[in-house]
1. Could you check region 288-303 and list, in sequence order, the residues that are without any contact (Cβ under 8 Å) to a residue 60 or more places away in the chain and among the hydroxyl-bearing types (S, T, Y)?
2. May I ask you to say which residue of A9, A19, A14 is away from the ligand (no atom under 16 Å from the Cβ), aliphatic (A, V, I, L, M) and not in a loop (DSSP other than H, G, I, E, B)?
3. So, in region 295-308, how many residues would count as being open to solvent by 10 Å² or more (accessible area, probe 1.4 Å), touching a Ser or Thr at 6+ places or on another chain (Cβ under 9 Å) and over 15 Å from D248 (Cα atoms)?
4. Scan region 364-388 residue by residue and report those that are under 25 Å from F313 (Cα atoms) and not in a loop (DSSP other than H, G, I, E, B).
5. Step by step: first the residues of region 6-24, then only those that are open to solvent by 20 Å² or more (accessible area, probe 1.4 Å) and either in contact with a Pro (Cβ under 8 Å, 6 or more places away or on another chain) or over 18 Å from C133 (Cβ atoms) (or both), then the one that is modelled with the highest pLDDT. Which residue is that?
6. Out of all the residues in region 25-36, which are near the ligand (Cβ under 10 Å from one of its atoms) and open to solvent by 20 Å² or more (accessible area, probe 1.4 Å)?
7. Can F339 be described as in the same structural domain as Q254 (by TED's automatic domain parsing), at pLDDT below 95 and in contact with a strand residue (DSSP E or B) (Cβ under 7 Å, 6 or more places away or on another chain)?
Amino acid sequence: MTGETHLSAVTCTAPVNIAVIKYWGKRNEKLILPINSSLSVTLHQDQLKTTTSVAASRDFKEDRIWLNGREEDINHPRLQSCLREIRRLARKRRGDKEEETAPRVLSYKVHICSENNFPTAAGLASSAAGYACLVYTLAKLYGVENELSEIARQGSGSACRSMYGGFVQWLMGDRDDGKDSLAQQIAPESHWPELRVLILVVSAEKKLVGSTAGMQTSVETSPLLKHRAEAVVPDRLKEMCEAVRQRDFERFGQLTMKDSNQFHATCMDTFPPIFYLNDISRRIIHLVHCFNTHYGQTKVAYTYDAGPNAVIFCLEQTLDDFVGVLRCCFPPESNGEPFLKGLPAGRATLSDELKMAVDIEPMPGGIQYIIITKPGPGPQLLHDSTLHLLGKDGLPRQWA
Ligand code: DP6
């Protein structure tokens, strides 16, 4: 397409979330209905976010999508589900409010352009932020508001939790049509201001077994997964909600680690087994337990998704010490990249006792870098049109 086109464009951002009670396993593959409820912390978009622009124009010949600078197949079934469902909702809303004339954009094709400010498929839940952002941006374009987590869920299960900030639960629901399988905020991001989240990037490589395929095999073969969903998660979720409400780090941290460990145990119980953790992930687990034992309380907690990167929770007052310990055990290799990104951490002088307590063989370069962040808000609409990723001609800006 050449020249300028008359278009309506909207740009939004959406956050990554990290589950502390994991979702693993579907009871309905198409609608993405889970076998258990889950709970996550939404991470701050100052450090990790997806930005998406959607433009609609009567001059566009077809729907198109660009992800991180590359044009991708718009016919991807999950993408089509989200587009279809949000357009359906917009039409329904139009029907409900008869006085309103049809938003003309609804009959136009759309161009979608999306970018992450973090590595895709590195176990950092990029699909969650991506689908949450897509659904939120389309909703703004078409002027729809409700039922958005239900639509984001059909892009990627964990995406429904990225529709809210702070602490979010995804209730599994029991209906066959998924109308009650929704995300819900249990506390806003301001609820626990001292909470810090560290992402220890140990490998930026693409994962071996993706979540979708992995959980499918687990549902088919793991008796432990069935037990987990039926007998462990319901009580654990209630306890986790209480720990969050009371800002009880001891309980929050213990439950987070136990749930991560059980998720990885179900992966091992899957046949053939799935291994997401590597040697560095296991060393970090050991280190966290040594650190906590030294202090006689849970000061730091780890959790791992479908990849080897660790996500660590701690309180602000523990941050400098724990980062100091990580530096000691995984001395940064100077490859030009900063070791610490995101929120600042001070240089701590570690006591000899602490050094003794975490006495593991140093492994230079084991951790590539650390992103320090905290709980943050849900998706945001950007009002500054200079931030659109699509140019006036409806094509990604860098190509225009
Ligand atoms: C380990 O949401 O990526 O991160 O629904 O098939 O897209 P699909 O899976 P996805 O699975 C996330 C799994 C997890 C745990 C979690 O985020 O709860």
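1. Those that are without any contact (Cβ under 8 Å) to a residue 60 or more places away in the chain and among the hydroxyl-bearing types (S, T, Y): Y295, T298, Y302.
2. Numbers: A19 fails: away from the ligand (no atom under 16 Å from the Cβ); A14 fails: away from the ligand (no atom under 16 Å from the Cβ).
The unique qualifying residue is A9.
3. Counting residues in region 295-308 that are open to solvent by 10 Å² or more (accessible area, probe 1.4 Å), touching a Ser or Thr at 6+ places or on another chain (Cβ under 9 Å) and over 15 Å from D248 (Cα atoms) gives 3.
4. Result: Y369, I370, I371, I372, T373, P375, Q380.
5. Y23
6. E29, the sole residue that qualifies.
7. Values: in the same structural domain as Q254 (by TED's automatic domain parsing): yes; at pLDDT below 95: yes; in contact with a strand residue (DSSP E or B) (Cβ under 7 Å, 6 or more places away or on another chain): yes.
It is true that F339 is in the same structural domain as Q254 (by TED's automatic domain parsing), at pLDDT below 95 and in contact with a strand residue (DSSP E or B) (Cβ under 7 Å, 6 or more places away or on another chain).
The rows are residues; the columns are (1) out of contact with any strand residue (DSSP E or B) (no Cβ under 9 Å at 6 or more places or on another chain); (2) of a type in the set (A, V, I, L, M, F, W, C); (3) assigned by TED's automatic domain parsing to the domain that holds T212.
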residue	(1), (2), (3)
Y302	no, no, yes
A306	yes, yes, yes
I312	no, yes, yes
Q368	no, no, yes
T386	yes, no, no
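The values are calculated or read from the model by the stated rules, or taken from the named source; none is laboratory data. Computed from a prediction, not measured in an experiment: that's the story for all the values here. Cβ atoms come from the backbone with ideal geometry, glycine included; neighbour counts cover every protein chain shown. Heads up: the accessible areas ignore ligands, DNA and RNA and are worked out on the full protein's heavy atoms, side chains in. Shrake-Rupley method; radii C 1.70, N 1.55, O 1.52, S 1.80 Å.
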